[in-house]
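The values are calculated or read from the model by the stated rules, or taken from the named source; none is laboratory data. What you see is a predicted model; the values in this text were computed from it and never measured. Positions of Cβ are generated from backbone atoms using ideal geometry, with glycine treated the same way; all protein chains shown enter the neighbour counts. These area figures cover heavy atoms from the full protein model, side chains too; ligands, DNA and RNA do not enter into them. Shrake-Rupley method; radii C 1.70, N 1.55, O 1.52, S 1.80 Å.
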Amino acid sequence: MSNSPLTPGIAASRLPAEAYARNFSDHEPALDRHEARVAADRCYFCHDAPCITACPTSIDIPLFIRQIATGTPEAAATTIWSQNILGGICARVCPTETLCEEACVREAAEGKPVEIGQLQRFATDTAMAKGLHPFTRAAPTGKRVAVVGAGPAGLACAHRLALHGHDVVVFERRAKAGGLNEYGIASYKATGGFAQREVEWLLQIGGIEVRTGVELGRDVSLEQLTAEFDAVFLGIGLAGVNALRAVGEDLAGVRNAVDFIAELRQAADLSQLPVGRDVVVIGGGMTAVDAAVQSKLLGAENVTIVYRRGQAKMSASGHEQDHAAQAGVRIIHNAAPVRVLGDGQAEAVEFAYTSEGENGLVLSPETFTLKADQVFKAIGQTLQGAPEGLAVAGGKLAGPAGKVWVGGDCAAGGEDLTVTAVAEGRDAAEAIHAALACG
């Protein structure tokens with residue numbers, strides 16, 4: 001080991017080689033068959049189950065848990081996939097603690113919900129390991145649909161369209177399909193290349209062609225797609241990143257958290273990925289937590305998340321905040337960056353204390369400074385490259401319009417969650433199918 005957590009600046013190889021494998025192993029190991037049966041037995045199998053309502057994809061949760069309890073996890077997986085074709089990754093990354101599990105009757109009665117997320121993972125992993133893909137394409141319709149963006153929304157849309165017999169071409173600007181599942185989540189949440197394995201599994205339906213390295217507005221236009229295809233679905237995500245609007249944010253050592261996470265996810269050797277000794281992450285969402293925790297796991301000595309509002313306003317769930325604290329990350333609330341200090345390279349960040357006023361956030365004249373040789377911006381992403389002619393509402397695409405449908409993070413309304421994107425892609429596919437049938 002050439003460096004250590006105490007090495008100044010931004011450096012690689014801060015930890016012993018074996019530490020990287022340990023730190024980035026599965027942070028919530030899967031249930032085995034016995035553990036899954038025990039966990040399933042805790043379900044009340046409610047008739048009007050609130051967990052179903054709380055799930056954005058409306059999975060019949062009591063049914064799939066009963067199927068696990070009766071020893072048929074493959075049937076449980078089919079129940080899950082019929083509503084959420086990306087149920088495997090959603091079981092790993094969705095904030096189930098604030099969705100289905102928070103609505104669980106056991107949570108209300110005992111303070112401990114049924115482990116719905118873990119049970120969903122057990123079912124889908126079991127079926128995928130056996131090579132089960134329980135869907136058959138309908139007879140070809142002769143209709144062709146373009147899907148722009150191979151993230152959760154685009155993939156869910158493509159699979160449902162193919163299921164109905166339509167031919168689908170997916171255009172993806174990156175080198176791999178998967179979107180945020182491949183590039184935007186913490187590495188320890190989806191280990192062993194799971195995101196790509198799930199994409200390959202999904203494509204077994206047939207009728208879907210994926211073209212990578214193709215970007216809307218650069219390589220192909222919306223006008224071309226609407227002329228060539230019978231319908232178009234846009235699931236282009238949010239490629240832009242909000243600026244800090246603080247002096248010095250262009251200094252070396254300051255970068256977007258999403259770029260750091262993507263680089264880490266694609267790194268062949270994590271020991272060669274450089275990280276600062278003192279890392280400051282600015283933001284309060286899941287991206288901020290993922291960037292901060294992984295900085296710590298790479299060997300940073302001090303990692304601090306700074307959020308401009310109070311803890312209750314953080315969009316990262318309480319579970320994720322606790323996970324960050326357990327990993328050794330410090331979280332400071334009610335502080336906003338004023339300027340990044342340094343001579344060509346970030347050395348510290350000056351923050352002002354904040355409070356909520358009648359007209360929004362108010363910066364106090366009192367400030368404090370945190371040492372930082374690496375600063376990650378995780379203050380939200382923005383729509384970039386919106387096609388001409390499409391309405392934009394609240395900074396996102398409003399649709400549908402004509403032959404064009406939209407869904408996922410780029411679409412107005414809804415939450416920026418993987419499971420929500422899947423639901424929007426699936427529902428858009430049903431709307432497109434209905435429109436094509438009428439046409």
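Quick notes on this structure:
- For Glu18: the one exception among (1) over 30 Å from Gly71 (Cβ atoms); (2) in a helix (DSSP H, G or I); (3) open to solvent by less than 40 Å² (accessible area, probe 1.4 Å): (3)
- Conditions (1) surrounded by fewer than 23 Cβ atoms within 10 Å (Cβ to Cβ); (2) within 20 Å of Arg245 (Cβ to Cβ): number failed by Ala346: (1)
- Boolean, Ala227 is within 30 Å of Pro29 (Cβ to Cβ) and of a type in the set (Gly, Ala, Ser): no
- Single condition His319 does not satisfy, out of (1) without any contact (Cβ under 8 Å) to a residue 40 or more places away in the chain; (2) farther than 15 Å from Gly248 by Cβ: (1)
- Contacts under 7 angstrom Cβ, first residue in region 275-294 being under 20 Å from Glu350 (Cα atoms) and among the β-branched types (Val, Ile, Thr), partner in a loop (DSSP other than H, G, I, E, B) and open to solvent by 10 Å² or more (accessible area, probe 1.4 Å), 6 or more apart: Val281/Ala378; Ile282/Leu244; Ile282/Ala378; Ile282/Ile379
- Listed by position, the strands (runs of 3 or more DSSP E) enclosed by region 338-409 that each have at least 1 residues that are touching a Ser or Thr at 6+ places or on another chain (Cβ under 6 Å) and farther than 27 Å from Asp230 by Cα are 348-357, 360-371.
- Residues that are open to solvent by 70 Å² or more (accessible area, probe 1.4 Å) and not small (Gly, Ala, Ser), drawn from region 382-400: Gln384, Glu388, Val392, Pro400
- Complete set of residues in region 306-337 that are in a loop (DSSP other than H, G, I, E, B) and in contact with a helix residue (DSSP H, G or I) (Cβ under 6 Å, 6 or more places away or on another chain): Ala316, Ser317, Ala327, Gly328, Val329, His333
- Options Ser355, Ser295, Ser271: the member that is farther than 21 Å from Thr96 by Cβ and crowded, with 23+ Cβ neighbours inside 10 Å: Ser295
- Subset of region 29-59 that is surrounded by fewer than 17 Cβ atoms within 10 Å (Cβ to Cβ) and touching a Phe, Trp or Tyr at 6+ places or on another chain (Cβ under 9 Å) - its residue that is farthest from Leu297 (Cα to Cα): Arg33
- Of Val289, Val293, Val279, all but one fail to be within 27 Å of Gly9 (Cβ to Cβ) and part of a strand (DSSP E or B); the exception is Val279.
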